[in-house]
1. Over the chain, what relative contact order in percent results from Cα pairs under 8 Å that are six or more residues apart?
2. How big is the Rg/Rh ratio for segment 56-172, C-alpha atoms only, Rh by Kirkwood, two decimals?
3. If R₀ is 22 angstrom, what is the calculated FRET efficiency for the pair residue 176 and residue 301, using the beta carbon separation as r and rounding to 0.05?
4. Rounded, prolate or oblate: which one fits segment 1-121, using the alpha carbon gyration tensor with axes a ≥ b ≥ c (rounded when a/c is under 1.5, else prolate when a/b beats b/c, else oblate)?
5. Would you please calculate the Kirkwood hydrodynamic radius of the chain over all C-alpha pairs and express it in Å, rounded to one decimal?
6. Using a probe of 1.4 angstrom, how much of the accessible area of segment 252-393 is carbon and sulfur, in percent?
7. Mind checking the full-extension length gain between residue 246 and residue 371? Use 0.36 nm per residue of separation minus the Cα-Cα distance, one decimal, nm.
8. Using a 1.4 angstrom probe on heavy atoms only, work out the carbon and sulfur share of the accessible area of segment 65-176 in %.
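The values are calculated or read from the model by the stated rules, or taken from the named source; none is laboratory data. As the structure is a computational prediction, the values presented were derived from the model and not from experiment. All Cβ positions, even for glycine, are placed from backbone atoms using ideal geometry, and neighbour counts span all protein chains on display. Just so you know, the surface numbers come from the protein's heavy atoms only, side chains and all, with ligands and any DNA or RNA stripped out. Shrake-Rupley method; radii C 1.70, N 1.55, O 1.52, S 1.80 Å.
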Amino acid sequence: MRPSVRIHELVANINYYAKQLGLDLLAPRLRFVFRTWITMSAPVSYVIFGVSWAFRQTQQHWMDGLKASIMLGGLINGSTELLSVIQNHSAMRNMMNYTIEIFADYESRGAEYCAALNFGVDRMLKIRRIIRIGYFVSFFVMLAVPWALLLYDGTRVTVMQYEIPGLLLENNVGYTLTYLQHMIVAVVGGLGFYTADLLVLLALVQILTFAHILQIKANVLNDALNRKEHSRFEAQVGGYADNGIQSLLLDLIQWHQLFTDYCRDIENIYHNMIAAQVLSSAISILLCFCVNLNGFHLISTIYLFISAYSMLVYCIVGSQIEYAYDQVYDSLCSISWQELRADQRKLFGLMLKEAQNTQTMTMIGILPLSMRTALQITKLIYSISMMMMRNRN
């Protein structure tokens, strides 16, 4: 199967899940349908019931307030992702169509380019499989635990950490209606998180694919320069061939400009979603960790796993992007630039200077998206949780 067909199927698959939420990512214009309003009702209902319930619990004891607030990070993340998709719908659609066009163009330029594109699609499919398994297992367990405990010993726990006024958990009808409302919010939220992660990670992974293509172009140019060097020893003075170096250099410069523009566009379009995902996950990890330090709490343990899982996936991909930037720079520095003409060296120098300042993925314009940031966040979470536990009384 051609890489362009595979990436098109991947984009169509992401759009399928988005359409279940009433958000057609590939439509020329985003239309609000019934499913869209259902999706928007999930964070609104959590604000109405969850935030008010957490406030009342905090008045009794601050630890009860923490238990009621463990999914606050999910509210921040989900709301930010929903608003970002609505606001940047056209830009996201254009980026996905642009990616498909790039794949269709370069799959016919040779086996090496085709292999790079296929490798990029394979990488994204592996990431999709990882986050799909993580979300499915976590949310399935979260939804199954209340019924399992109810059947085992009659304990009545809720999926979300709030109760709906007027619905008593001791009453079968009240408990069932509460569970159904929580289930709708959890299913909509889980599907929304999964779709948004695929959307963002698809864009981020293409940075790795485009960096791979740039390295191929750099190697092709370097091979031509090496042939020029060898031919100089075999031919008369001034008689060696140019080997198409000018066109190869211009092609490399154009692709590098495309690569830097793509990285800048991805940063501008998805920076809010990336920051919301990582930082809201950190908030959820902090709250869940503090709750479990005070005593084992099953739902917060499950949500702790979900939050840590999501944050690590993003930070690992961010570290891979940083490594790809370094590889691109190393590939450019390894080119035999001394074989270029004076005018070609000027063009090459400008490209090399720009490669030293490649747009990196950051959160709120400060924190880089990498495992170093994840480690710093983990240390901060541990320090804050220990401080809170010392003063829990």
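1. Normalised by residue count, the contact order of the chain is 20 percent.
2. Dividing the radius of gyration by the Kirkwood radius yields 1.19.
3. 0.35
4. prolate
5. Here the Kirkwood hydrodynamic radius works out to 23.6 Å.
6. After summing per-atom areas, the C and S share lands at 60 percent.
7. Contour length minus the Cα-Cα distance gives 41.0 nm.
8. Exposed carbon and sulfur together represent 63 percent of the surface.
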